[in-house]
1. So how exposed is Glu303, as accessible area in Å² (1.4 Å probe, rounded to 10)?
2. Going down the list Lys50/Lys288; Lys176/Lys288; Lys226/Lys288; Lys80/Lys274, which pairs span over 27 Å between their C-alpha atoms?
3. Set Lys and Arg Cβ to +1 and Asp and Glu Cβ to -1, take the dipole of the range 249-319 about its Cα centre, and tell me which of Thr284, Pro272, Ile257 lies farthest positive.
4. Of all the accessible heavy-atom surface of the range 106-206, with the other protein chains kept in place and a 1.4 Å probe, what percent is carbon and sulfur?
5. How big is the charge dipole of the chain about its Cα centre, in debye rounded to the nearest 20, if each Lys and Arg gets +1 on its Cβ and each Asp and Glu gets -1 on its Cβ?
6. Tell me which of Val167, Gly151, His133 sits at the most positive position along the dipole axis of the range 132-197, charges placed on C-beta atoms (Lys, Arg +1; Asp, Glu -1).
7. What number, rounded to the nearest 500 deg cm²/dmol, is the helix-based mean residue ellipticity at 222 nm of the chain, given -39500 (n - 2.57) per DSSP H run of at least four residues and division by all its residues?
8. For the chain, give me the percentage of DSSP beta bridges that are antiparallel, rounded to the nearest 5 percent.
Amino acid sequence: MRAMVVSQWGEPGDLRLTELPDPEPKPGTVAIDVQAIGCNFFDVLMVQGKYQVRPPLPFAPGGEVAGTVRAVGAGVSHVKPGDRVFAMLGWGGYASVALAPASGVVRMPASMSFEHGAAFGIVYQTSYFALAHRTTLRAGETLLVHAAAGGVGLAAVQIGRALGARVLATAGSAEKLAVAREHGAEDAFDYSTPGWVDRVMEATGGRGADVIYDPVGGEVFDLSTKCIAFGGRLLVIGFASGTIPSIQLNRVLLKNISIVGLHWGAYRAHDPGKIAETTADLFTLYEKGAIRPVVSSVRPLVEAAAALDEIATRKSIGKVLLRP
(Lines give C-alpha, C1' and ligand atoms only; values in the text may rest on other atoms or scores of the structure.)
Protein backbone atom coordinates (compact mmCIF):
# COMPACT_ATOMS: atom_id res chain seq x y z
CA MET A 1 0.00 0.00 0.00
CA ARG A 2 0.96 3.66 -0.35
CA ALA A 3 0.88 6.06 2.59
CA MET A 4 1.99 9.59 3.43
CA VAL A 5 4.20 9.06 6.47
CA VAL A 6 5.68 11.44 9.04
CA SER A 7 8.91 10.15 10.61
CA GLN A 8 9.53 13.03 13.03
CA TRP A 9 7.50 15.91 14.43
CA GLY A 10 7.52 18.70 11.88
CA GLU A 11 5.31 20.25 9.24
CA PRO A 12 2.97 18.77 6.59
CA GLY A 13 5.70 19.39 4.01
CA ASP A 14 7.76 16.71 5.78
CA LEU A 15 5.25 13.99 4.86
CA ARG A 16 6.70 11.46 2.43
CA LEU A 17 4.97 8.98 0.12
CA THR A 18 6.06 5.53 1.29
CA GLU A 19 5.38 1.96 0.15
CA LEU A 20 4.37 -0.25 3.08
CA PRO A 21 3.06 -3.80 3.50
CA ASP A 22 -0.72 -4.10 3.31
CA PRO A 23 -2.09 -4.26 6.88
CA GLU A 24 -3.87 -7.39 8.10
CA PRO A 25 -6.91 -6.77 10.30
CA LYS A 26 -6.48 -7.71 13.93
CA PRO A 27 -9.45 -8.69 16.13
CA GLY A 28 -11.95 -5.85 16.32
CA THR A 29 -10.55 -4.00 13.28
CA VAL A 30 -11.47 -3.54 9.63
CA ALA A 31 -9.15 -3.15 6.62
CA ILE A 32 -10.52 -0.74 4.02
CA ASP A 33 -9.54 -0.16 0.39
CA VAL A 34 -9.62 3.62 0.53
CA GLN A 35 -11.35 5.65 -2.19
CA ALA A 36 -11.42 9.09 -0.52
CA ILE A 37 -9.74 10.66 2.52
CA GLY A 38 -11.02 13.58 4.58
CA CYS A 39 -8.47 16.19 5.72
CA ASN A 40 -8.90 18.07 9.00
CA PHE A 41 -7.12 20.81 10.92
CA PHE A 42 -6.16 18.37 13.66
CA ASP A 43 -4.11 16.46 11.06
CA VAL A 44 -1.79 19.49 10.93
CA LEU A 45 -1.48 19.54 14.73
CA MET A 46 -0.84 15.80 14.82
CA VAL A 47 2.02 16.09 12.30
CA GLN A 48 3.49 18.91 14.42
CA GLY A 49 3.19 16.87 17.61
CA LYS A 50 0.86 19.50 19.08
CA TYR A 51 -2.36 17.45 19.18
CA GLN A 52 -3.66 15.86 22.38
CA VAL A 53 -2.99 12.47 20.74
CA ARG A 54 0.63 11.75 19.74
CA PRO A 55 0.89 8.54 17.71
CA PRO A 56 4.12 6.54 17.84
CA LEU A 57 6.50 7.51 15.06
CA PRO A 58 6.49 6.81 12.16
CA PHE A 59 2.79 7.11 11.28
CA ALA A 60 0.38 8.33 8.64
CA PRO A 61 -2.08 11.03 9.75
CA GLY A 62 -5.71 11.02 8.68
CA GLY A 63 -8.78 10.51 10.84
CA GLU A 64 -11.47 9.69 8.26
CA VAL A 65 -11.74 7.67 5.07
CA ALA A 66 -14.37 6.18 2.80
CA GLY A 67 -13.99 3.06 0.71
CA THR A 68 -14.76 -0.65 0.44
CA VAL A 69 -14.21 -3.22 3.16
CA ARG A 70 -11.22 -5.36 2.21
CA ALA A 71 -11.21 -7.74 5.21
CA VAL A 72 -12.47 -7.89 8.78
CA GLY A 73 -10.82 -9.10 11.94
CA ALA A 74 -12.20 -11.60 14.42
CA GLY A 75 -15.29 -10.44 16.25
CA VAL A 76 -16.45 -8.03 13.55
CA SER A 77 -19.94 -8.82 12.25
CA HIS A 78 -21.66 -5.52 11.37
CA VAL A 79 -19.72 -5.11 8.09
CA LYS A 80 -18.29 -7.59 5.59
CA PRO A 81 -15.89 -7.52 2.62
CA GLY A 82 -17.32 -5.49 -0.25
CA ASP A 83 -19.44 -3.18 1.91
CA ARG A 84 -19.24 0.54 1.13
CA VAL A 85 -18.27 2.31 4.35
CA PHE A 86 -16.81 5.39 5.89
CA ALA A 87 -14.58 5.13 8.91
CA MET A 88 -13.42 7.41 11.70
CA LEU A 89 -10.04 6.39 13.04
CA GLY A 90 -7.37 7.91 15.22
CA TRP A 91 -4.76 8.14 12.46
CA GLY A 92 -3.56 6.14 9.45
CA GLY A 93 -6.07 7.45 6.92
CA TYR A 94 -3.57 9.00 4.48
CA ALA A 95 -3.10 5.66 2.75
CA SER A 96 -4.46 3.42 0.01
CA VAL A 97 -5.43 0.83 2.65
CA ALA A 98 -6.53 1.91 6.13
CA LEU A 99 -6.97 -0.14 9.28
CA ALA A 100 -9.86 1.16 11.41
CA PRO A 101 -11.40 0.10 14.72
CA ALA A 102 -14.65 -1.68 13.99
CA SER A 103 -16.55 0.74 16.25
CA GLY A 104 -15.68 3.60 13.88
CA VAL A 105 -16.72 1.86 10.66
CA VAL A 106 -20.18 2.67 9.32
CA ARG A 107 -22.01 1.38 6.25
CA MET A 108 -22.94 4.31 4.03
CA PRO A 109 -26.42 4.90 2.63
CA ALA A 110 -26.71 3.76 -1.00
CA SER A 111 -27.20 7.39 -2.04
CA MET A 112 -23.90 8.54 -0.48
CA SER A 113 -20.80 8.85 -2.66
CA PHE A 114 -17.31 8.02 -1.40
CA GLU A 115 -16.47 11.73 -1.50
CA HIS A 116 -19.45 12.59 0.67
CA GLY A 117 -18.60 9.70 2.97
CA ALA A 118 -15.06 10.96 3.52
CA ALA A 119 -16.42 14.47 4.15
CA PHE A 120 -19.24 13.39 6.43
CA GLY A 121 -18.10 11.69 9.60
CA ILE A 122 -16.10 14.02 11.81
CA VAL A 123 -17.43 17.47 10.90
CA TYR A 124 -21.11 16.49 11.04
CA GLN A 125 -20.63 14.42 14.20
CA THR A 126 -18.84 17.36 15.82
CA SER A 127 -21.47 19.93 14.88
CA TYR A 128 -24.43 17.71 15.75
CA PHE A 129 -23.01 16.82 19.16
CA ALA A 130 -22.24 20.48 19.78
CA LEU A 131 -25.66 21.81 18.82
CA ALA A 132 -28.08 19.00 19.64
CA HIS A 133 -26.41 17.58 22.76
CA ARG A 134 -23.99 20.05 24.34
CA THR A 135 -26.07 23.22 23.94
CA THR A 136 -29.51 21.73 23.11
CA LEU A 137 -30.13 24.33 20.42
CA ARG A 138 -33.86 24.95 20.19
CA ALA A 139 -36.06 25.88 17.23
CA GLY A 140 -36.46 29.64 17.02
CA GLU A 141 -33.18 30.45 18.77
CA THR A 142 -30.46 32.45 17.04
CA LEU A 143 -27.23 30.58 16.29
CA LEU A 144 -24.06 32.44 15.30
CA VAL A 145 -21.49 30.25 13.53
CA HIS A 146 -17.89 31.46 13.19
CA ALA A 147 -15.69 30.31 10.29
CA ALA A 148 -18.93 29.29 8.67
CA ALA A 149 -17.41 28.28 5.33
CA GLY A 150 -14.98 25.76 6.83
CA GLY A 151 -15.66 22.05 7.33
CA VAL A 152 -17.22 22.11 10.80
CA GLY A 153 -18.62 25.61 10.21
CA LEU A 154 -20.69 24.68 7.15
CA ALA A 155 -21.87 21.54 8.90
CA ALA A 156 -23.00 23.70 11.85
CA VAL A 157 -24.84 26.11 9.55
CA GLN A 158 -26.71 23.25 7.86
CA ILE A 159 -27.50 21.42 11.10
CA GLY A 160 -28.57 24.62 12.87
CA ARG A 161 -31.00 25.34 10.05
CA ALA A 162 -32.27 21.73 10.13
CA LEU A 163 -32.89 22.04 13.89
CA GLY A 164 -35.07 25.10 13.30
CA ALA A 165 -32.70 27.83 14.44
CA ARG A 166 -32.19 31.22 12.84
CA VAL A 167 -28.57 31.06 11.64
CA LEU A 168 -26.13 33.97 11.39
CA ALA A 169 -22.55 33.46 10.24
CA THR A 170 -19.10 34.98 10.11
CA ALA A 171 -16.27 34.27 7.67
CA GLY A 172 -13.21 36.00 6.28
CA SER A 173 -14.06 36.83 2.65
CA ALA A 174 -16.96 37.80 0.41
CA GLU A 175 -16.80 34.38 -1.29
CA LYS A 176 -17.07 32.54 2.01
CA LEU A 177 -19.90 34.75 3.23
CA ALA A 178 -21.82 33.91 0.05
CA VAL A 179 -21.28 30.18 0.65
CA ALA A 180 -22.57 30.48 4.22
CA ARG A 181 -25.72 32.23 2.99
CA GLU A 182 -26.18 29.65 0.24
CA HIS A 183 -26.20 26.84 2.80
CA GLY A 184 -28.60 28.30 5.33
CA ALA A 185 -27.28 31.45 7.00
CA GLU A 186 -29.82 34.26 7.03
CA ASP A 187 -27.04 36.84 7.13
CA ALA A 188 -23.24 36.74 7.31
CA PHE A 189 -20.53 39.15 8.44
CA ASP A 190 -16.81 39.48 7.76
CA TYR A 191 -15.04 38.89 11.07
CA SER A 192 -11.74 40.19 9.68
CA THR A 193 -13.15 43.74 9.64
CA PRO A 194 -14.17 45.95 12.59
CA GLY A 195 -17.83 46.18 13.41
CA TRP A 196 -19.00 42.61 13.02
CA VAL A 197 -20.06 42.50 16.68
CA ASP A 198 -22.27 45.57 16.12
CA ARG A 199 -23.80 43.92 13.06
CA VAL A 200 -24.66 40.80 15.05
CA MET A 201 -26.29 42.94 17.72
CA GLU A 202 -28.21 44.87 15.07
CA ALA A 203 -29.37 41.64 13.39
CA THR A 204 -30.66 40.34 16.73
CA GLY A 205 -32.41 43.55 17.75
CA GLY A 206 -29.80 44.26 20.42
CA ARG A 207 -30.32 40.91 22.14
CA GLY A 208 -27.33 38.92 20.85
CA ALA A 209 -27.05 35.31 19.73
CA ASP A 210 -28.44 32.53 21.93
CA VAL A 211 -25.72 30.08 20.86
CA ILE A 212 -22.31 30.94 19.42
CA TYR A 213 -20.31 28.19 17.70
CA ASP A 214 -16.58 28.99 17.81
CA PRO A 215 -13.90 26.83 16.14
CA VAL A 216 -11.55 29.84 15.87
CA GLY A 217 -10.62 30.99 19.38
CA GLY A 218 -8.37 34.00 19.93
CA GLU A 219 -9.91 37.43 19.46
CA VAL A 220 -13.04 35.94 17.88
CA PHE A 221 -13.83 34.17 21.15
CA ASP A 222 -13.21 37.33 23.16
CA LEU A 223 -15.47 39.46 20.97
CA SER A 224 -18.15 36.77 21.01
CA THR A 225 -18.78 37.51 24.68
CA LYS A 226 -19.90 40.99 23.57
CA CYS A 227 -22.62 39.75 21.22
CA ILE A 228 -24.03 36.80 23.14
CA ALA A 229 -27.53 36.95 24.56
CA PHE A 230 -28.35 36.90 28.26
CA GLY A 231 -28.35 33.23 29.23
CA GLY A 232 -26.54 32.31 26.01
CA ARG A 233 -24.20 29.39 25.40
CA LEU A 234 -20.73 29.88 23.91
CA LEU A 235 -19.40 26.69 22.31
CA VAL A 236 -15.66 26.05 22.31
CA ILE A 237 -14.94 23.78 19.32
CA GLY A 238 -11.28 24.50 18.56
CA PHE A 239 -8.57 27.08 18.05
CA ALA A 240 -7.96 27.48 14.32
CA SER A 241 -6.51 30.93 14.99
CA GLY A 242 -3.64 29.29 16.83
CA THR A 243 -4.43 31.21 20.02
CA ILE A 244 -6.14 29.58 23.00
CA PRO A 245 -8.21 32.34 24.63
CA SER A 246 -9.06 33.06 28.24
CA ILE A 247 -12.09 34.87 29.60
CA GLN A 248 -12.78 37.33 32.40
CA LEU A 249 -15.31 35.48 34.53
CA ASN A 250 -17.25 38.63 35.37
CA ARG A 251 -18.65 38.47 31.82
CA VAL A 252 -19.92 34.94 32.48
CA LEU A 253 -21.49 36.16 35.73
CA LEU A 254 -23.09 39.37 34.47
CA LYS A 255 -24.71 37.82 31.39
CA ASN A 256 -25.49 34.43 32.96
CA ILE A 257 -23.78 32.76 30.01
CA SER A 258 -22.43 29.23 29.78
CA ILE A 259 -19.06 28.31 28.26
CA VAL A 260 -19.47 24.83 26.81
CA GLY A 261 -16.65 22.68 25.43
CA LEU A 262 -16.75 19.80 23.00
CA HIS A 263 -14.06 17.17 22.45
CA TRP A 264 -15.99 14.84 20.18
CA GLY A 265 -13.34 12.14 20.14
CA ALA A 266 -13.71 11.62 23.89
CA TYR A 267 -17.18 10.15 23.31
CA ARG A 268 -15.52 7.10 21.73
CA ALA A 269 -14.31 6.13 25.18
CA HIS A 270 -17.01 7.61 27.40
CA ASP A 271 -20.28 7.13 25.47
CA PRO A 272 -19.82 5.33 22.12
CA GLY A 273 -23.53 4.56 21.92
CA LYS A 274 -24.19 8.27 21.53
CA ILE A 275 -22.06 8.30 18.37
CA ALA A 276 -24.18 5.53 16.82
CA GLU A 277 -27.39 7.42 17.69
CA THR A 278 -26.01 10.60 16.18
CA THR A 279 -24.98 8.78 12.99
CA ALA A 280 -28.54 7.52 12.55
CA ASP A 281 -29.93 11.04 13.08
CA LEU A 282 -27.45 12.48 10.56
CA PHE A 283 -28.25 9.84 7.94
CA THR A 284 -31.93 10.79 8.26
CA LEU A 285 -31.08 14.45 7.64
CA TYR A 286 -28.83 13.47 4.71
CA GLU A 287 -31.51 11.36 3.05
CA LYS A 288 -33.95 14.27 3.40
CA GLY A 289 -31.44 16.61 1.74
CA ALA A 290 -31.27 18.83 4.84
CA ILE A 291 -27.49 18.42 5.09
CA ARG A 292 -25.00 17.91 2.28
CA PRO A 293 -21.17 17.95 2.44
CA VAL A 294 -19.44 20.71 0.49
CA VAL A 295 -16.10 19.67 -1.04
CA SER A 296 -13.83 22.48 -2.19
CA SER A 297 -10.95 20.42 -3.57
CA VAL A 298 -9.85 16.85 -4.20
CA ARG A 299 -6.12 16.19 -4.52
CA PRO A 300 -3.99 13.09 -5.08
CA LEU A 301 -2.50 11.55 -1.94
CA VAL A 302 0.99 12.82 -2.76
CA GLU A 303 -0.31 16.40 -2.43
CA ALA A 304 -1.29 15.95 1.22
CA ALA A 305 0.88 18.89 2.31
CA ALA A 306 -0.86 21.25 -0.12
CA ALA A 307 -4.26 19.99 1.06
CA LEU A 308 -3.38 20.68 4.70
CA ASP A 309 -2.01 24.10 3.77
CA GLU A 310 -5.43 24.98 2.30
CA ILE A 311 -6.97 24.25 5.69
CA ALA A 312 -4.27 25.83 7.85
CA THR A 313 -4.32 29.09 5.87
CA ARG A 314 -8.15 29.12 5.79
CA LYS A 315 -8.29 29.04 1.99
CA SER A 316 -10.60 26.03 1.92
CA ILE A 317 -14.38 26.07 1.70
CA GLY A 318 -16.07 23.05 3.23
CA LYS A 319 -13.95 19.91 3.10
CA VAL A 320 -10.64 19.15 1.44
CA LEU A 321 -10.18 15.54 0.29
CA LEU A 322 -7.39 13.29 -0.94
CA ARG A 323 -7.58 10.35 -3.35
CA PRO A 324 -5.09 7.49 -2.94
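The values are calculated or read from the model by the stated rules, or taken from the named source; none is laboratory data. Quick caveat: nothing in here was measured; it's all calculated off a predicted structure. Backbone-built Cβ (ideal geometry, glycine too); neighbour counts: all protein chains shown. To get the accessible areas, we keep the full protein, side chains included, count just its heavy atoms, and leave off ligands, DNA and RNA. Shrake-Rupley method; radii C 1.70, N 1.55, O 1.52, S 1.80 Å.
1. 70
2. On the way: Lys50/Lys288 39 Å; Lys176/Lys288 25 Å; Lys226/Lys288 36 Å; Lys80/Lys274 23 Å.
Result: Lys50/Lys288; Lys226/Lys288 exceed 27 Å.
3. Towards the positive end, the residue furthest out is Ile257.
4. On the way: 1730 of 3600 Å².
That share works out to 48 percent.
5. Numbers: 30 positive and 29 negative charges, 98 e Å.
Result for the chain is approximately 480 debye, rounded to the nearest 20.
6. His133
7. Values: 11 runs with 94 residues, N = 324.
About -8000 deg cm²/dmol.
8. On the way: 30 of 56 bridges.
Around 55 percent of the beta bridges assigned by DSSP in the chain are antiparallel ones.
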